[in-house]
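Asker: Got a structure for you, questions after.
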Amino acid sequence: MSPYIFQEHRGIHIIDLNRTSECLDRAANAMRQLAKSGKKIMFVATKKQARDIVSNAARSVGMPYVTERWLGGMMTNFNTVRRSVKKMQNIERMLGDGSLTSVTKKERLTLTREHDKLDKVLGGIANLSRLPAAIFIVDIEHEHIAVAEAHRLGIRTFGLVDTNADPNQVDFPIPANDDASKSIRIITDYMVQAILEGLEERKLAKPEKEEGAA
């Protein structure tokens, strides 16, 4: 992380905010292009102080997210994960459409609990029908399994990288404090803004294509 560190003060490394700004712009440009081309970006943050910030941000732009627990094989064993998602959706449908009238209260409660358990872990990727084109990670050390799976599958990686991490582990490192909720919020919001711009550009480009075709 030495190229991104401004100085050391009483054993604490201070990140160079000019480098953070440069990396943020580079990451945001790439993120905007992904959104413009209709690609999905998965948000990953299972640290307590990042969960709500990241899940709300991902939902606001219709992107998948994992904020509860990263299941090993969530991307490398995606077909199995999709089966669990379908099971969750089937239970949800049965509980909602009245087709469980013949089951006992105990059986209904068991199904409800199973649904809630699955939803907690998989709810954020329920609408993800294929692997994402990229993942945005808060704390690449904490989410090392997600980083490793992305590497194995050639999925592009964006990540908040603190002074204890290796920025070479991700394609788009963003040097920042990954423990402070304020820092997490600022950077996540910046990424969301870039995605919104990309989605808007995509929307504007569609009528142009249709006019050209006509």
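Asker: Given contacts defined as C-alpha pairs under 8 Å and at least six residues apart, what's the relative contact order of the chain, whole-number percent? Before the final figure, lay out each step's value.
Answerer: Numbers: 304 pairs, mean separation 65.3, N = 214.
Dividing the mean separation by the residue count of the chain yields 30 percent.
Asker: Something else: Enumerate the calculated ³J(HN,Hα) couplings along segment 82-97 in order (Karplus 6.51 cos²θ - 1.76 cosθ + 1.60, θ = phi - 60°), each rounded to whole Hz, writing x wherever the residue is Gly or Pro.
Answerer: 4, 5, 5, 5, 5, 4, 4, 5, 5, 4, 4, 5, 5, 5, x, 9
Asker: Separate question: Based on the Cβ-Cβ distance of residue 153 and residue 26, what FRET efficiency does E = 1/(1 + (r/R0)^6) give at R0 = 25 Å, to the nearest 0.05? Don't skip to the end; give the middle numbers.
Answerer: Working: r = 22 Å, r/R0 = 0.89.
With R0 = 25 Å, the Cβ-Cβ based efficiency is 0.65.
Asker: Related question: Amide H to amide H, which residues 5 or more places from residue 159 or on other chains are under 5 Å from it, using H placed in the peptide plane?
Answerer: Amide H neighbours of residue 159: 137, 172, 174.
Asker: Starting from the Kirkwood Rh over alpha-carbon pairs, what translational D in µm² s⁻¹ does the chain have by Stokes-Einstein at 4 °C and 1.567 mPa s?
Answerer: On the way: Rh = 18.8 Å.
Translational D for this selection: 69 µm²/s.
Asker: Name the residue from 123, 133, 104 whose Cα lies farthest towards the positive end of the charge dipole of segment 100-144, charges +1 on Cβ of Lys and Arg and -1 on Cβ of Asp and Glu.
Answerer: So the residue furthest toward the plus end is 104.
Asker: Check the straight Cα-Cα distances from residue 106 and name the lysines below 25 Å, setting aside those fewer than 8 residues away within the same chain.
Answerer: Cα-Cα hits under 25 Å: 86, 87, 117, 120.
Asker: Using only the Cα atoms of segment 79-124, construct the convex hull and provide its projected area averaged over every direction, in square nanometres to one decimal. Each step should come with its number before you reach the end.
Answerer: Working: hull surface 12.9 nm².
Hull-based average projected area comes out at 3.2 nm².
Throughout, read-outs are computed from the coordinates displayed, never taken from laboratory work. Since this is a predicted model, take the numbers as computed values, not measurements. In this analysis, Cβ positions are derived from the backbone assuming ideal geometry, glycine residues included, and neighbour counts consider all displayed protein chains.
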